[in-house]
Structures are given as structure tokens and as C-alpha cells.
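Notes to accompany the following structure.
The values are calculated or read from the model by the stated rules, or taken from the named source; none is laboratory data. Predicted model, so just to flag it, every value in this text is computed and none were measured. Neighbour counts run over all protein chains shown; Cβ positions are idealised from the backbone, glycine included. For the accessible areas, the whole protein counts, side chains as well, though only heavy atoms, and no ligand, DNA or RNA atoms are used. Shrake-Rupley method; radii C 1.70, N 1.55, O 1.52, S 1.80 Å.
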Amino acid sequence: MGAGSWGTAFAKVLNDAGTDVTMWARRAEVAKAIAAEHRNPTYLPEVSLPGVAATDDPRVALDGADIVVLAVPSQSLRANLASWRVPADATLLSLAKGIETGTLLRMSQVIHQVTHADPGRIAVLSGPNLAREIAAEQPAASVVACVDPERAEAVQHACGTGYFRPYTNTDVIGCELGGACKNVIALACGIAAGMGLGDNSIASLITRGLAEIMRLGVALGANPVTLAGLAGVGDLVATCTSPLSRNRSFGHVLGAGGSMDAAQQATHGQVAEGVKSCTSIRALAERHEVEMPLTTAVHRVCHEGLAVSDAVGELLGRRMKPE
């Protein structure tokens, strides 16, 4: 459900794994192109999708589905789910990485609240999964998390290929927080790179960013080991260092002196989840009395007009303390 870059790449993964796939696209012309030409003309047009069906009618897409893959942006998930009638026994697999604005809910919580599905039916996929690399069949690993191990294994078998290796986990909280928070740290790394700072600075941001993510994760009940794995460190490193990362690219424009509008144009109108999630994650941290200075700095740069040079000065000027 969703025909963006990651939705398109994951549809290819499922298809290559031998799973029957129907894609739902919001725009009729995109659905028609996928169905007729087996390519998405808007996102990853070079990727072949042989055998993948497509429709702009959510009822057709959802009819008889065993696994419903939710591949719409995090802030639009609720509205979309409210308009869809998902099969009563299907596994609901979230690809979105974010914290909902206002409610401060993780995506699995939004899914449960809207659909009333048992948590055992709700799974999330997270890891170092840059869509363009996976679509090119470059080897990658990921994590399928669900409190029901059998559901997680079913999804694992549905998407395991010679180039995409999914692992299972029962720590949904850890996987979701790792995926949401890393976008914010990637913005910080992009800002640093745009300012001309080097690898020491980037490595420091990644490491201190991980410390923030772990503090918040533990406060919310996540297993720290999860955040040391693919859904934590793995996703964090990929998103913070790759030019394919929308969040890093967005931050790079800001660091180089560009405006928010210029950064949005540089990412070709695609959603940089961290821009909205930084505010929600900061509010979630404040609710649980967790200190997240990098996240706060990114929020202030994106939404309060704080200059990037001042943000760096404030972070470096914090009081000295043990690691």
C-alpha cells in the first residue's frame, strides 16, 4: 500500500522472493503504468517489476491479502488506514519510520488504534535499507519485528531473497524507535557535512546520536541489544553516511546555508521523515525526561530558525561530563 521509492523496492523484493504482489498507488496513472509496463514511472523507473499487479483502488489491492505492507509516509498513515478496509486476519507490516505528530505514537500503535488489530498481527520492518541499493539487488539485511514470532517468520519467508536477508525479532519498540530516531541524527550529520566538517565530526554525531536513541529506547521499554543491531546501528550508519539518504541530503543543504525550501527541492519533493519526527521525538523525550540534545538542536534548526553555526556552538558548549 504505497508506490514510493521504498514501497516500489520492497514490492520487487517480495516478488523476487516468489510472493504474489499487488501494489496500490494513489494516482491512477502510476497504477496503470506499473500494471502495463511493470515499472513505476515516478519512483525507481529503472526497476523492473515483472508479475507485479497494480491498482489505484484500495479495495482491489487489499482483497484476500495475507500480508498488508504499509508503505505510506508516517504522518499520512492514520488517514490512509481509516479509509481502508484491511482483511481481518492479515499481518499488517509497517515500513514507515516516524513518530506521529501530536499523539507521539509509534506506527504500530497508530495501526492498532485505527484498525483495532491485535498487536500480534502488527509487524515492522527496519534496517539499513536504502531503496535504490536494494532495488539494484545489492546485498542487505533487515529486521522483521513482531510480538508473535510465527508472524515474523511468515513475513521473513515472504521477503527473503538471495540479496535481501531478513532477521526476526520480537522487540517492536526497539526496531521502531531505531528507525524513527536515526532520521533525525542523519539530518544532523548532513548539516555537519554541508558545513564542511569531516569524518571525526560525523562519527561523533553518529555515536552520540546512538546514545540518545538508546536512552529513549530504554525509557520506553526497548531492548538495548536491538539498538546495537541492524535496526539500530545498521540503519543509523547507512542513513547518516549515504548520499542516497533523503534526511542526510536535506541536512546537507541546510548546513551549506540553504533554506528549508531549498532542502525540500533538493530531495525532489520526497519526504524527509526526520524533519517532522524531530519535533515528535523531542516531545516524547521530554515526556519521559530523557535528554536528547542533538534531537533538540535539529528541531530548533528546522522549526525555530536556529542558525546551524549556533547549534554547533551550543552543543560543544554543553558542560563536560563522563561518557
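Below are the figures for this structure:
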| quantity | calculated |
| --- | --- |
| Long-range amide H partners of S142 with built H, under 5 Å | R165, Y167 |
| Positive dipole terminus of segment 31-85, leading residue within Q75, A53, N40 (C-beta point charges) | Q75 |
| For segment 95-104, 3J(HN,Hα) per residue [Karplus equation, 6.51 cos²θ - 1.76 cosθ + 1.60, θ = phi - 60°, Hz, x = Gly/Pro] | 9, 6, 10, x, 10, 5, 5, x, 7, 6 |
| Extension reserve of the T103-A82 stretch, reckoned as 0.36 nm per residue once the Cα distance is removed | 6.0 nm |
| Prolate/oblate/rounded call for segment 222-323, Cα gyration tensor, a/c under 1.5 rounded | oblate |
| Helical mean residue ellipticity (222 nm; -39500 (n - 2.57) per DSSP H run of 4+; nearest 500) of the chain | -15500 deg cm²/dmol |
| Kyte-Doolittle mean at least -1.0, axial Cα span of 27 Å or more - DSSP H helices of the chain | 172-194, 199-220 |
| By average C-beta atoms within 10 angstrom, highest first, the peptides 299-308, 40-49, 143-152 | 143-152, 40-49, 299-308 |
| Rounded, prolate or oblate (a/c below 1.5 giving rounded, otherwise prolate when a/b exceeds b/c) for the chain by Cα gyration tensor | prolate |
| Residue-normalised accessible area of the chain, expressed per residue, 1.4 Å probe, Å² | 44 |
| Efficiency of FRET from Cβ geometry, H157 and R59, R₀ 35 Å, rounded to 0.05 | 0.85 |
| Qualifying GluC sites (Glu not before Pro) in segment 219-297, DSSP loop, other Cβ atoms within 10 Å at most 16 | E289, E291 |
| From phi via Karplus (6.51, -1.76, 1.60), per-residue ³J(HN,Hα) for segment 49-59 in Hz, x at Gly/Pro | 10, x, x, 7, 7, 8, 7, 9, 9, x, 5 |
| Amide hydrogen neighbours beyond the local backbone of L70, cut-off 5 Å, H modeled | L93, S94, L95 |
| Within the accessible area of the chain (1.4 Å probe), percent carbon and sulfur | 52 |
| Volume per residue of the C-alpha convex hull in segment 163-209, rounded to whole Å³ | 104 |
| Globularity index of segment 118-264, i.e. its alpha-carbon radius of gyration over 2.2 N^0.38 Å | 1.09 |
| Length added when fully stretched, D89-M260, from 0.36 nm per residue minus Cα-Cα | 57.3 nm |
| Taking the chain and dividing mean pair separation by its residue count, relative contact order in percent (alpha carbons under 8 Å, at least six apart) | 15 |
| ³J(HN,Hα), Karplus 6.51/-1.76/1.60, whole Hz, each residue of segment 126-137, x for Gly, Pro | 8, x, x, 10, 6, 4, 5, 5, 5, 4, 7, 6 |
| Summed side-chain charge close to V13 - residues other than V13 whose Cβ falls under 14 Å, Lys, Arg +1, Asp, Glu -1 | -1 |
| Top positive-direction residue, dipole computed over the chain with Cβ charges, set L315, A145, H116 | L315 |
| Segment 44-156: C-alpha gyration tensor shape, a/c 1.5 cut-off, then a/b vs b/c | rounded |
| Positive-end residue, the chain charge dipole about Cα centroid, Cβ charges, pick of M23, S94, V184 | V184 |
| Extended-chain gain in nm, criterion 0.36 nm per residue less alpha-carbon gap, L315 and V225 | 29.7 nm |
| Exceeding the 19 Å Cα-Cα cut-off - candidates K12/K182; K182/K321; K12/K276; K97/K276 | K12/K182; K182/K321; K12/K276 |
| Part-to-part distance (alpha-carbon centres) for segment 153-172 and segment 246-323, which is given in Å | 32 |
| Simple Cβ-charge dipole of the chain, Lys/Arg +1 and Asp/Glu -1, about Cα centre, in debye nearest 20 | 540 |
